[in-house]
Amino acid sequence: MKNAGKSVTIAEFQLSKQIVATDDAAANEVEVEEQIEEDNVKKQAHENQTSNLGPVVRGSKQMTIDDNATAAEEEIEEQAEESRIDKEAFEGGMSTASAKEYIRRGSSHD
């Protein structure tokens, strides 16, 4: 009977150990599921924030690029105009103000 008693005690101990392991596994599973859900919520919130700001930021960047391109184009046109005035003044032997007026009137020096 002592053997039987020891066997039963060992069996109860092993069963108790198995229950604890099962409880730990279940607790870990619940914790992992909660972490996954929390990560999904954070990811969704980040995507919502990014998608809401994305077009504004992209639009702002595109507007800056467009503004810079327009400014560069205007600068080139102004430099070309100044160059034309300087050339006209030099070739015509006149002041830049006179050359500018001469060009403005539509006359050109051949």
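The values are calculated or read from the model by the stated rules, or taken from the named source; none is laboratory data. Keep in mind that this is a model prediction, so the values were computed, not measured. SASA here: full protein model, heavy atoms, side chains in, ligands and nucleic acids out. Shrake-Rupley method; radii C 1.70, N 1.55, O 1.52, S 1.80 Å.
I'd like the carbon and sulfur percentage of the solvent accessible area for segment 67-108, probe radius 1.4 Å, heavy atoms only, ligands and nucleic acids excluded.
That share works out to 47 percent.
Go from 0 up to the bin containing the longest alpha carbon distance in segment 70-110, width 5 Å each, and give me the % of pairs per bin.
Computed distribution, short to long bins: 6, 27, 28, 18, 11, 7, 2.
Leaving out same-chain residues fewer than 8 places away, which aspartates and glutamates sit with a Cα under 17 Å from that of Lys42?
Lys42 reaches Glu31, Glu33, Glu34.
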